[in-house]
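First up is the structure itself, then whatever we jot down about it.
The values are calculated or read from the model by the stated rules, or taken from the named source; none is laboratory data. A quick note: this is a predicted structure, and the numbers were derived from the prediction, not measured. With ideal geometry, Cβ positions are generated from the backbone for all residues, glycine too; neighbour counts draw on all protein chains shown. All accessible areas refer to the heavy atoms of the entire protein, side chains included, with ligands and DNA or RNA removed. Shrake-Rupley method; radii C 1.70, N 1.55, O 1.52, S 1.80 Å.
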Amino acid sequence: MNPFHYGQIVKKADFCRRPELDRKLADSIKRGQNVYIQGERRTGKTSLICETIRKLKKNRMIYVDLLEVKSSDDFLKRIVTAIIDMEQSAGFVDRIFQKLSHIRPVASIDPITGLPTFSLDSSVELKPDSIPGVVDLISSYHSKTKPIVVVLDEFQDILNLKDAREALALLRSKVQFQSDTPYVFAGSIRNEMDRIFNDPGSAFFKSAVPIQVGPIDKDTFQKFIINRFKTGKRRITAESLNTVFAICFNIPGDIQQLCSALWDTTPYGDNISEEQIPMALEQIFAHELKGYETTLKIVTKQQLKLLTALARQGGKAPMSSGFLKDSGIVQASSVQRALNRLLGLRIVFHHENEYRFVNPFFRAWLLHKKL
Ligand SMILES: Nc1ncnc2c1ncn2[C@@H]1O[C@H](COP(=O)(O)OP(=O)(O)OP(=O)(O)O)[C@@H](O)[C@H]1O
Ligand SMILES: [Mg+2]
């Protein structure tokens with residue numbers, strides 16, 4: 001069985017240990033200290049949080065995914081649903097009705113599992129002024145013997161709310177008094193997380209300790225990958241592994257995706273060398289082709305010129321004369337305009353003074369197609 005997993009959180013033996021981050025996060029949680037976890041996409045933020053909390057054993061987690069959250073009603077209902085999930089898994093079904101009566105949970109029987117499930121009455125629209133009540137509700141679940149950790153993942157998307165300022169202010173005013181319930185705020189879009197935690201005008205300014213999640217330590221992760229290949233008696237040469245890491249800019253999720261494709265395209269007992277990487281990439285291209293074609297449809301010719309030059313040259317100096325010459329774009333101001341658009345479309349992002357492709361396989365495909 002393919003031992004590589006991507007596009008989902010990884011747990012237990014599938015989780016490559018990150019002891020330093022794990023310790024930092026666990027210590028904060030034990031102290032009731034709020035933290036915010038920041039890192040690029042697919043670096044392993046959610047897995048780290050879930051794995052750290054799982055290992056703490058004592059703590060129960062209220063996990064709320066705020067990806068694409070649209071309104072205060074949506075925000076609050078996601079929190080309440082997360083509480084319901086936690087209670088349901090602990091078998092405390094009666095308590096849900098007692099404590100949430102004002103939000104009117106609706107019970108029904110899941111036709112497949114036959115178990116009771118709960119949803120919320122959609123005719124009740126929750127406004128930001130319900131935030132304090134819901135935060136109090138969370139704290140009512142917290143106790144010394146069964147401490148709670150609240151995880152608000154993709155927290156930057158709270159800025160999508162029409163009344164984001166009010167929601168943030170109400171949330172902050174309550175959360176700061178819950179000194180024994182730790183909150184973990186996680187997010188991946190740097191500027192937006194910065195707006196929430198590092199802007200003096202924001203209600204959350206300096207309200208949580210930052211933890212940065214970058215690539216996994218290279219040696220540790222390479223050993224982890226080598227051992228995974230060993231489960232199918234495959235060996236991978238050091239050069240090939242370095243090439244895999246370079247193609248993926250060391251991002252764990254992308255490395256696992258490419259290794260998964262390498263596994264699929266090589267036989268049991270194989271010695272994987274660099275020659276096998278193109279075939280694995282082809283498999284990924286075939287899966288992702290529709291997305292690439294959509295991207296090509298929405299960019300202009302000029303933006304495509306820039307993308308292909310970024311693929312060839314990297315994004316450290318896109319205004320330099322060498323870069324302009326290679327790209328065929330005459331003026332630096334045109335590069336800047338095109339870059340802004342590509343940033344807005346989230347095709348590229350800015351990382352430590354460099355523009356990078358959000359999807360490294362799209363970059364590899366552009367190179368492969370020689371567009
Ligand atoms: N500790 C780890 N060990 C092994 N693989 C990992 C680890 N952390 C992350 N990964 C790889 O990265 C993928 C994404 O992990 P995860 O969803 O935790 O990242 P994330 O940073 O929360 O991503 P996103 O920004 O998309 O929410 C996993 O499916 C796995 O392939
Ligand atoms: Mg995540």
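The residue list 190, 165 contains one member that is within 16 Å of ligand 1 (Cβ to nearest atom), closer than 30 Å to residue 350 by Cβ and open to solvent by 60 Å² or more (accessible area, probe 1.4 Å), which is 190. Summed over segment 287-304, residues that are surrounded by 15 or more Cβ atoms within 10 Å (Cβ to Cβ) and among the acidic types (Asp, Glu) total 1. Hey, any hits in segment 276-295 for a residue that's touching a Lys or Arg at 6+ places or on another chain (Cβ under 7 Å) and at pLDDT 95 or above? No - not one qualifying residue is present in segment 276-295. Given the condition among the polar types (S, T, N, Q), in contact with a Ser or Thr (Cβ under 7 Å, 6 or more places away or on another chain) and not assigned by TED's automatic domain parsing to the domain that holds residue 110, answer yes or no: does some residue in segment 1-10 qualify? Scanning segment 1-10 turns up at least one residue that is among the polar types (S, T, N, Q), in contact with a Ser or Thr (Cβ under 7 Å, 6 or more places away or on another chain) and not assigned by TED's automatic domain parsing to the domain that holds residue 110. When 41, 23, 60, 54 are checked against the criterion of being at pLDDT below 95 and more than 14 Å from ligand 2 (Cβ to nearest atom), a single residue qualifies: 60. Only one entry in 133, 201 is surrounded by fewer than 18 Cβ atoms within 10 Å (Cβ to Cβ), away from ligand 1 (no atom under 16 Å from the Cβ) and at pLDDT 90 or above, namely 201. Cβ-Cβ distances below 6 Å connect the following pairs, each with a first residue in segment 28-43 that is not assigned by TED's automatic domain parsing to the domain that holds residue 354, a second residue that is assigned to a helix (DSSP H, G or I) and open to solvent by 10 Å² or more (accessible area, probe 1.4 Å), and a separation of six or more residues or different chains: 37/45; 39/45; 42/253.
Here is the figure for segment 44-60: residues that are among the polar types (S, T, N, Q), free of Cβ contacts under 8 Å to residues at least 60 places away in the same chain and more than 8 Å from ligand 1 (Cβ to nearest atom) total 1.
Is it the case that residue 171 is buried (at least 17 other Cβ atoms within 10 Å of the Cβ) and either touching a Lys or Arg at 6+ places or on another chain (Cβ under 6 Å) or farther than 23 Å from residue 200 by Cβ (or both)? For residue 171, the condition - buried (at least 17 other Cβ atoms within 10 Å of the Cβ) and either touching a Lys or Arg at 6+ places or on another chain (Cβ under 6 Å) or farther than 23 Å from residue 200 by Cβ (or both) - is not met.
Filtered by the rule that a residue be under 12 Å from residue 75 (Cα atoms), touching a helix residue (DSSP H, G or I) at 6+ places or on another chain (Cβ under 7 Å) and within 16 Å of ligand 2 (Cβ to nearest atom), segment 134-152 gives no residues.
Those residues that are more than 10 Å from ligand 1 (Cβ to nearest atom) and either in a loop (DSSP other than H, G, I, E, B) or surrounded by fewer than 15 Cβ atoms within 10 Å (Cβ to Cβ) (or both), I need them from segment 216-225; list them, please.
217, 218, 219, 223 - these are the residues of segment 216-225 that are more than 10 Å from ligand 1 (Cβ to nearest atom) and either in a loop (DSSP other than H, G, I, E, B) or surrounded by fewer than 15 Cβ atoms within 10 Å (Cβ to Cβ) (or both).
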